[in-house]
Protein chains: 2
Amino acid sequence: MFVGDKVDPDDVDSEGVDPEGVVSEGVNSELELSEERMLAMVDQAMERIVAYVRDLPTAPSYKIDGAEEMARALIEPLPEDGEPYEGLVSRLFDEVIPYGFNAAGPGYLAYIPGGGLFHTAVADLISESVNRYTSIWIPAPGLAQIEAVVVRWLCEIVRYPEGALGLLTTGGSMANFTAIFTARRELLPENFLDGTIYVSDQVHHSIQKAAMLAGFPASSVRQVKSDADYSMSVDDLETCITADRRAGRRPFFIVGSAGTVNTGAVDDLDALADVAVAEKMWFHVDAAYGGLFMLTERGRAVLAGIERSDSMSLDPHKALFLPYGTGSLLVRDRETLARAHAADDTAADYLPVMRQDPDFVDFSEISPELSRGHRGLRLWLPIKMHGIGAFRRQLDEKLDLAHWITERLREIKGIEIFAEPQLTLVAFRLARAGLSYDKLNALNQRFLEAVNDRKRIFISHSVVRGAYVLRICVLSFRTHMPDMERALEDIREVAAELR
Amino acid sequence: MFVGDKVDPDDVDSEGVDPEGVVSEGVNSELELSEERMLAMVDQAMERIVAYVRDLPTAPSYKIDGAEEMARALIEPLPEDGEPYEGLVSRLFDEVIPYGFNAAGPGYLAYIPGGGLFHTAVADLISESVNRYTSIWIPAPGLAQIEAVVVRWLCEIVRYPEGALGLLTTGGSMANFTAIFTARRELLPENFLDGTIYVSDQVHHSIQKAAMLAGFPASSVRQVKSDADYSMSVDDLETCITADRRAGRRPFFIVGSAGTVNTGAVDDLDALADVAVAEKMWFHVDAAYGGLFMLTERGRAVLAGIERSDSMSLDPHKALFLPYGTGSLLVRDRETLARAHAADDTAADYLPVMRQDPDFVDFSEISPELSRGHRGLRLWLPIKMHGIGAFRRQLDEKLDLAHWITERLREIKGIEIFAEPQLTLVAFRLARAGLSYDKLNALNQRFLEAVNDRKRIFISHSVVRGAYVLRICVLSFRTHMPDMERALEDIREVAAELR
């Protein structure tokens, strides 16, 4: 039997409900789907997806009651036999997915939203169906090239020079890890344990975790004080570096923040770049949330100096609105990534040849992963469809919305703006003279819970210098003025109730 | 304006081709898609996907001519404006995707195939569209639970005890890295640089890379000799450990292989487990390719002892046929993962509460990543639809096919079986008395190229102890007997031509 003689997949029952499976002439076609079956599966999924997206504005912002019972009901031993797809999809949409936080909805203003562009889901439907191997260029020169192209676009957005490159990651944690690892390999000897990393006391905890993953003891991470605006104190940074050098340590890595998670603070990136140059250290910016505001004029003013960094993490699943699962690490000099990930004794004789042409990238050579999913199309498709201009206008709208609600919150009696928005994150709280710190914190926790219990919007909190603060982050492409008005109404009413 | 007052997305042009965008009453709806648009986008993608899958058996096994020109044509500056989706999809399928290796086709017998179940593409279409945050339980108790459930299923397959757990990764590299990191944190002090890792000289190079990522110098990785069957020499392992202890090093990590990439060799896992117990070391198995054969009776015989390991990497994108992007790390004792990833100073005050109930898992607490894509549904959906029985029968069929072609190859004059298949990978080559090693290698390279140039099947090679060998790995759910007959015909004819 040769090509053309294959069993027609339409002739066989492609579902595993028959425990005997379909074996004819030595061909087990159980997992093969006919064309009709593929189309029907997608049609049924799409029917539910479209309804889900349609209902996002009116769906409750979160749903927790009954979650434990639902989750326990999912626990079962490995099933030997199958069950119909139709029932599984219904169960997912009716019973499983709705629990928790409605992160895709327009009222989601908690943590760092993004929404989740449907375009990306379509891109992955394509890339997973064709299942090309894209971590090395030659097995998939087209799709691998698309990944290189979008990484260069990100470099262009942040105004990195020619010679910059980077990689798409699963998120900010892996980007920060790869940055620390790359700098460790570039600047420190094999015994790197006295290498010292400088973060502000407002920095994202993924940096500490990344340092630990890369081998550094907890004592290697120095917490630099932050100023009144929650940006890193450049004076304290210099003091710490000097003290550490005197103590025989090796300062090598400064982490600037382009939008902290607590208050959205942006460090003085130009000043940090100056320190890094003077001290011959690596300057990394955690720009997971804020870096893509380089698309906007206001963002470029706030982020001035970011283009002088050696590396930065940037999450397209935040400010480019992609579904979770797409971060990036960009580096000013692509050779640093190549040197860091190369190892003399890792010859892999079974792999395809690597490219030497700088236009083509073997991502496995400049990143920690070998086999992994393709990550390029999920960015390329929405950017090519809409142009980056559409994203720029979205971010400008979010800047407008964050500043609009800040001014309205400021007008509400009893509310104070805890940290002014530098981009689209505003931290605020109820202030009340005469209350102890603990009682004030408890009051603000009740404030948050009462706002969220209305289930029209969803916001989150942080604890900053001991203060429990509420935070609104405007970053979903689905969030527009009507949603901000809704947020304001709920906050205003709850604040009045608590007065 | 409140809920219900939102601009009807059907009223606006949802494509970014209008550079001015759609801004009405402060609502920028540029990136919003109407229901009709979502459905149309998927319909158009599916038309191409279905045709692509239909043509897999007759599509050339690889396409390289013109790849560089195609790839260079993709290079362009960040586009400010959009272009129609329809043209982009056509370009992808007509000009971009077809280049490189046809990894999804039935004739793909190179590296470690998998095929790429379409079910998983549908699962991701769903999970990306609803865009729930699943790295912490409370934001998505349903989908996070599905991830925990499938991880426990994997533990059940490999016969790990109660108390085992693990995580889904992007592939084997991250799984191996997390294993080394976890053992480092569990067994070594903060200054771990004298810790020593034992691998066979046949081990996958991702182990060396993972050790480097986790902070170990290259000299920490000891290459233990392999025996005649390419499995790790237990005698040499013990000799190395003893010598290292005498030299003041800290042996702490043994890597067994359950299917090497070179020849598919499976180490004597029971014997390695004995050594690890006696030496109080961590026993990790790189079972990325082979571990899932624990589903089959023959696999369990070959892999005996794997259930005694402390951890193992296992790639569902290999032996469960998922698209690239789903590996896993399983650990015998879930507390090791929790302890390794915990750090006193990584309090993140802005995150939701973590669960204490052992039925529920906050994956961010036991893994290196925080925000990332959801990975559970891509496994859950195909297993629930078909039952694991269908996968078991597929793997049994692959075992049959690998052994069938091995016997047929053995009958071909001039071909020698270089390594007998222990699972579904067979290494072979042309042998010719009187030829120098180099000439024999060159002959076998021509052999490989001539087979692949027929473009009906695609196989790859490795260099094992200096010998250039061809390898067939049967592991795609789309590969059946007709494909093996096709492979045999091409190999037989080319061998005859070269005689």
Task: Residue that is surrounded by the fewest Cβ atoms within 10 Å (Cβ to Cβ), among those in the stretch A:339-394 that are hydroxyl-bearing (Ser, Thr, Tyr) and either without any contact (Cβ under 8 Å) to a residue 60 or more places away in the chain or in a helix (DSSP H, G or I) (or both) - done: A:Thr346
TODO: Tally the residues that are facing another protein chain (nearest Cβ under 7 Å), touching a residue at least 24 places away in the same chain (Cβ under 8 Å) and either under 19 Å from B:Pro316 (Cβ atoms) or open to solvent by less than 10 Å² (accessible area, probe 1.4 Å) (or both), restricting the search to the stretch B:126-147.
DONE: 8
Task: Residue that is most open to solvent (accessible area, probe 1.4 Å) [pool: residues in the stretch A:300-315 that are aliphatic (A, V, I, L, M) and farther than 21 Å from A:Thr326 by Cα] - done: A:Ala301
Task: Selected residue [part of a loop (DSSP other than H, G, I, E, B), modelled with pLDDT under 95 and at the interface with chain B (Cβ under 7 Å from one of its Cβ atoms)] from A:Glu15, A:Glu20 - done: A:Glu15
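Table: residues versus (1) without any contact (Cβ under 8 Å) to a residue 12 or more places away in the chain; (2) open to solvent by less than 10 Å² (accessible area, probe 1.4 Å).
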| residue | (1), (2) |
| --- | --- |
| B:Trp153 | no, yes |
| B:Glu162 | yes, no |
| B:Leu167 | no, yes |
| B:Tyr198 | no, yes |
| B:Ala214 | no, yes |
| B:Val221 | no, no |
| B:Val224 | no, yes |
| B:Phe252 | no, yes |
Open item on the list: Out of everything in the stretch B:223-273 that is of a type in the set (Phe, Trp, Tyr) and part of a strand (DSSP E or B), what residue ends up being nearest to the chain's Cα centre (by Cα)?
Closed with: B:Phe253
- [ ] May I ask you to list the residues in the stretch B:25-51 that are closer than 28 Å to B:Leu117 by Cβ, facing chain A (nearest Cβ under 7 Å) and surrounded by fewer than 19 Cβ atoms within 10 Å (Cβ to Cβ)?
- [x] B:Glu35, B:Leu39
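Tell me yes or no: at least one residue of the stretch B:288-299 is assigned to a loop (DSSP other than H, G, I, E, B) and open to solvent by 20 Å² or more (accessible area, probe 1.4 Å).
No, the conditions are met nowhere in the stretch B:288-299.
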Task: Tally, over the stretch A:82-107, of residues that are open to solvent by 10 Å² or more (accessible area, probe 1.4 Å), of a type outside the set (D, E, K, R), more than 7 Å from chain B (Cβ to nearest Cβ) and not in a loop (DSSP other than H, G, I, E, B) - done: 3
Task: Where B:Lys439 falls short, out of the listed (1) open to solvent by 10 Å² or more (accessible area, probe 1.4 Å); (2) closer than 19 Å to B:Gly299 by Cβ - done: (2)
TODO: Find the residue count for the stretch A:322-338, including only residues that are away from chain B (no Cβ under 13 Å) and part of a strand (DSSP E or B).
DONE: 3
Open item on the list: Restricting to the stretch A:453-463, name every residue that is away from chain B (no Cβ under 11 Å) and open to solvent by less than 10 Å² (accessible area, probe 1.4 Å).
Closed with: A:Ile459
Task: Complete set of residues in the stretch A:55-66 that are more than 25 Å from the chain's Cα centre (by Cα) and facing chain B (nearest Cβ under 7 Å) - done: A:Thr58
- [ ] Name every residue in the stretch B:61-80 that is loosely packed, with under 14 Cβ neighbours inside 10 Å and not in a helix (DSSP H, G or I), in order of residue number.
- [x] B:Ile64, B:Asp65, B:Gly66, B:Ile75, B:Glu76, B:Pro77, B:Glu80
Task: Residue ID - nearest to B:Met41 (Cα to Cα), chosen from residues in the stretch A:395-407 that are more than 7 Å from every other protein chain (Cβ to nearest Cβ) and open to solvent by 10 Å² or more (accessible area, probe 1.4 Å) - done: A:Asp396
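Mind listing whichever residues of the stretch A:343-366 are in contact with a Ser or Thr (Cβ under 7 Å, 6 or more places away or on another chain) and more than 7 Å from chain B (Cβ to nearest Cβ)?
Selection gives A:Phe363, A:Ser364.
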Open item on the list: Considering only residues that are away from every other protein chain (no Cβ under 13 Å) and not aliphatic (A, V, I, L, M), which ones fall in the stretch A:299-321?
Closed with: A:Gly299, A:Arg300, A:Gly305, A:Glu307, A:Arg308, A:Ser309, A:Asp310, A:Ser311
TODO: Kindly provide the set of residues from the stretch A:464-499 that are without any contact (Cβ under 8 Å) to a residue 60 or more places away in the chain and open to solvent by 40 Å² or more (accessible area, probe 1.4 Å), ordered by number.
DONE: A:Arg465, A:Glu485, A:Glu489, A:Glu493, A:Ala496, A:Glu497
TODO: Could you list, in sequence order, all residues of the stretch B:441-473 that are assigned to a strand (DSSP E or B) and not β-branched (Val, Ile, Thr)?
DONE: B:Phe458, B:Ser460, B:His461, B:Ser462, B:Ala467, B:Tyr468, B:Leu470, B:Arg471, B:Cys473
Task: Count - residues of the stretch B:378-394 that are facing chain A (nearest Cβ under 7 Å) and more than 20 Å from B:Ser127 (Cα to Cα) - done: 6
Task: Count - residues of the stretch A:113-123 that are at the interface with another protein chain (Cβ under 8 Å from one of its Cβ atoms) and either open to solvent by 10 Å² or more (accessible area, probe 1.4 Å) or of a type in the set (A, V, I, L, M, F, W, C) (or both) - done: 4
- [ ] Would you mind stating whether B:Asp274 is farther than 23 Å from B:Ser328 by Cα, of a type in the set (Asp, Glu) and open to solvent by less than 50 Å² (accessible area, probe 1.4 Å)?
- [x] no
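The values are calculated or read from the model by the stated rules, or taken from the named source; none is laboratory data. What you see is a predicted model; the values in this text were computed from it and never measured. Cβ coordinates were reconstructed from backbone atoms using ideal geometry, including for glycine residues, and neighbour counts include every protein chain displayed. Surface accessibility is based on the protein's heavy atoms, side chains included, excluding ligands, DNA and RNA. Shrake-Rupley method; radii C 1.70, N 1.55, O 1.52, S 1.80 Å.
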